[in-house]
Every structure is written in structure tokens, then in C-alpha cells.
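J.: After the C-alpha cells below, expect a handful of questions from me.
The values are calculated or read from the model by the stated rules, or taken from the named source; none is laboratory data. In this text, all values refer to a predicted model and were calculated from it rather than measured experimentally. Reconstructed Cβ throughout: ideal geometry from the backbone, glycine too, with neighbour counts over all protein chains shown. Side chains are part of the model used for accessible areas, which takes the heavy atoms of the whole protein and leaves out ligands, DNA and RNA. Shrake-Rupley method; radii C 1.70, N 1.55, O 1.52, S 1.80 Å.
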Amino acid sequence: MDFVTSDLQQLRSFAKRRLAQPHGPQLCRFLEGVRWEDAPRDQLLVPEELSLGFHTPWWALYGEEQRLALNHWIYMLMYYRISDGERFVVVTNDAVADFLQGFEPDVAQLLRLEADEERDHIAAFERVRAVLTRRHGVEGLRMPVKPLRPYIVSTRTMRFLLRHFGADFVASYYLGRGIVNHLGKAFETQVETVDGGAAVLSRLAHLHTVDENRHMAVSRMMAACTHELVERRRNTSPLYEALHHALQNVMVTYTLSDRLTKRQERAMSLHVLPRMRALRDVPREQLEATIDAHFTGLNGLERVRNVFMPRFNQRILERACLSLEEKRDWFELITSLQGNLRYFPDHYVPGIGTVAATQNSTPR
């Protein structure tokens, strides 16, 4: 049995199991059942080495309260960006579910279940972020976003792409989503095990990763078998090929470009940090230098991601239902945009084979 057929069978079986026992939204329910609002007050929320500025010469200039603010800011920054990505997943999953309904109703319903879980995730982490912004005196600030965000996170846009690119768009989307899943998972593996941190929020991160592990599995299977799951709907005209290639480049660049991502994260940091209660008296020049050094050098989160994600990314790209030429295009474009990150293992070239079978299990 080839891996495409295997992944298709896994996806169908996985959808039936999940729909039989959907669990339902659980993060907001968890927060409602515990006392958590005071948990983050004086404790680390991410490992200290992930704090903004930790791996820069400027770290030594900050006091204990200021370092705690820089630590909390990475938690706030990352969950803001994770929630922003989940809003895109909600829109896209619902649109893809409608597209697949006539072909694979169970898979369509699975994607709608994921969208419901993402709504729960967004609501839960918004509650936490509201408490943290009050704690640090930065409530009510509007965050900078990537260009054209309202047009991209749009049901109308997704329906347009599905109408014109069909299964080709679906396969590309879930391949890209899988790689983004790995970026987020690398961060949350650290949050859920932070020493001395707020245990309740560590538990919240763990519950989030339980859902996201299943979403990662769906991303991998959808990227591998979409063209078996549904008629490919691929036009072979030169114009279509050129447009499809351009779409893939735009998707990858917008989602994974180190330059675009850091431009947003740097802008967010410059907007928020000078207003945080513990950092208001820090000279602006020092804060700007700390932020610049953090996003220029190899920071703590990049170090974690470079250990965690390369083999997972190799696996999802190798198994994706793309031609070898398309896989190499994805690989070359991603590596050209990666900055300090390393998305794939050293010496990896698409087409050399899949990764070890020990990663072949599907989360339940």
C-alpha cells in the first residue's frame, strides 16, 4: 500500500473516531473550573531563556520586575499570533468543509469540529491576554498586523480560491498549515513544562497542544491525500500553472517569511513594551536596542524551533501530494525566507526519502 492510500484511509478512520467522540470545546471550560487570574502575577510564563532580550547583551541591565515583563511579553506576543492564525483556520476550515461536503462528508464535519475547537482556543487565550494586559497596564492597545490581513482572513477570498484552484489550493493550504503547526508546537512544548511557572497556565497550554496534535495530524494527512480525497480539478493550461505557482509563492511568503513575521513582531514589541508598567522608566533607546538585538540575533524561541521542527517539516513535505518539482520549489522558497530558523534538517533535499517510521503514528 502506498503512503497516499494509507494516509487517505487514516484520514477517513480518524474522522469517524473523532466524530464519534468529539470531546468538544474544553479550554474555556477548564478556565471556568479553576482559579487562574492571579496565577501569572509574579511567575514566569515561558522559560526564562525565551524572554525577549535574554540572549542579548542588554539583558543584564534589567531588574527582576522588568525581566518578568519581558518574559510575559513573549507569552502575550506568541498567543496573540497563534490566535490570529487560528482565526484564519476557522475561516479556511469552514470554507474547505463546504467544498468537501459532497465528496467526503465525514472529513468535512471533522474540519468543522476543528473550527469549533479553534474558536474555543481563541476565546480562552483572549481571557488570559486580557488579565495579562491589565496586569502590565497595556489593556486596550491595538496590535499591528501584517499587510492586507482583512482581505486574506476572508470567507469570500477562500471561496474564490477554492472555486478557481480547488483541490490544488486545499493541498497547498494544509501543507502550509502543517508547517505553521510545527512552529506553534515548538513554542508550546516549552510553555507546558516551564519550571516555576504558573501551573494553571501550563495546564492550559497542555490542553491546547492535545487539540493541536490532532490538528497537526489532519494537516499532514490532508496535505498527503487531498488529490485522492477529491477530484483534483487541475487545469493544465500554461496560464493556470503560472497562476497556481504564483499563488503558492504568495501563500508561503506571506505565512513563513522571516522578514514579514519579524517586522510585525518588532512593531508589536515597540508598540507595547514602552507602555508596560515595569518598563516605562527604561530609556527608549535601551528598549529599542534590546528589541532590535532580540529579533536580529538567534533568540530563544528560534533555538527551540530549530531543534523541534526540521524532521516534522521534512516528513510533511515528503508526503505531500505535490510533484517532485513542486516540493523542491517549496523547499527552496522556504529556506530562502527562513532567516535564523532552520525549517528542514541539514543536508536534506526533497525526494531523498521519508523520515523514520517512528513518527508515523496518528494522534488520537
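J.: If packing is taken as the average number of other Cβ atoms within 10 Å across a peptide's residues, how do 279-290, 175-186 rank, most packed first?
T.: 175-186, 279-290
J.: Taking Cα Rg over 2.2 N^0.38 Å as the quantity of interest, determine which of (1) 0.95; (2) 1.56; (3) 1.00 was computed from the displayed structure.
T.: (3)
J.: Another question about this same structure. Per-residue counts of other Cβ atoms within 10 Å, averaged by peptide: what ranking do you get for 342-351, 88-97, highest first?
T.: Most protected by this proxy first, the peptides run 88-97, 342-351.
J.: Under a GNM of the chain (C-alpha, springs under 10 Å), which listed residue has the highest mean-square fluctuation: I334, I352, I122?
T.: Among I334, I352, I122, the largest GNM mean-square fluctuation belongs to I352.
J.: Also, I was wondering about something else. Measure nothing fancy, just the Cα-based angle from helix 284-296's long axis to the longest principal axis of the chain, in degrees from 0 to 90, nearest 10.
T.: The answer is roughly 30 degrees.
J.: Next question, about the same structure. Starting from 0.36 nm per residue, how many nanometres of slack lie between D258 and S336 once their C-alpha separation is accounted for?
T.: 27.1 nm
J.: Still on this structure, I have one more. One quarter of the convex hull surface, Cα atoms only: what value does that give for region 1-82 in nm²?
T.: Mean shadow area of the hull around the Cα atoms is 9.5 nm².
J.: Between the helical axis of 199-229 and the dominant principal axis of the chain, each derived from Cα atoms, what acute angle in degrees is found, rounded to the nearest 10?
T.: 20
J.: Excluding ligands, DNA and RNA, what is the solvent-accessible area per residue of region 7-337 at a probe of 1.4 Å, expressed in Å²?
T.: Roughly 42 Å² per residue, with all protein chains present.
J.: Same structure, new question: What net charge do the residues around K185 carry, taking every other residue with its C-beta under 13 Å from that of K185, with Lys and Arg at +1 and Asp and Glu at -1? Present the calculation step by step, with values, prior to reporting the outcome.
T.: Numbers: positive: R177, R214, R220, R305, R311; negative: E188, E192, D211, E212.
Summing Lys/Arg as +1 and Asp/Glu as -1 gives +1.
J.: Turning to a different aspect of this structure: Tell me the relative contact order for the chain as a rounded percent, counting alpha carbon contacts under 8 Å between residues six or more apart.
T.: For the chain, the relative contact order is 25 percent.
J.: Please list, or write none, the aspartates and glutamates whose alpha carbon is within less than 12 Å of the alpha carbon of K16, excluding same-chain residues fewer than 8 places away.
T.: The qualifying aspartates and glutamates are E104, D106.
J.: Please enumerate, by chain and number, the lysines with C-alpha under 18 Å from the C-alpha of K262, excluding those fewer than 8 residues away in the same chain.
T.: K146
J.: So if each residue of separation counts as 0.36 nm, and I subtract the Cα-Cα distance between V34 and D84, what length gain in nm does that give?
T.: 15.4 nm
J.: Under 24 Å between alpha carbons, and skipping anything fewer than 8 positions from K327 in its own chain: which lysines qualify?
T.: K185
J.: Could you report the accessible area of T155 in Å², rounded to 10, computed with a 1.4 Å probe on the protein chains as they sit in the structure?
T.: Only protein atoms counted, so the area is about 60 Å².
J.: Sorted by accessible area (1.4 Å probe), largest first, how do V138, V200 line up?
T.: V200, V138
J.: In nm, give the distance between the simple-model label positions of T5 and V349, each being 7 Å from the Cα along the Cα-to-Cβ direction.
T.: Between T5 and V349, the simple spin-label model gives 3.1 nm.
J.: So, in Å, what gap is there between the alpha-carbon centers of region 140-175 and region 206-228?
T.: Computed from Cα coordinates, the inter-centre distance equals 19 Å.
J.: If you roll a 1.4 angstrom probe over the protein chains with everything in place, what fraction of the accessible area of the chain belongs to carbon and sulfur, to the nearest %?
T.: For the chain, the apolar C and S fraction of the accessible surface comes to 53 percent.
J.: Then there's this: Helix-only estimate, please: 222 nm mean residue ellipticity of the chain, summing -39500 (n - 2.57) across DSSP H runs of length 4 or more and dividing by its residues, to the nearest 500.
T.: That comes out to -23000 deg cm²/dmol.
J.: State log₁₀ I(q)/I(0) for region 221-342 at q = 0.14, 0.17, 0.20, 0.21 Å⁻¹ as given by the Debye formula over alpha-carbon point scatterers of equal weight, solvent excluded.
T.: Reported log10 I(q)/I(0), two decimals: -0.77, -0.96, -1.17, -1.24.
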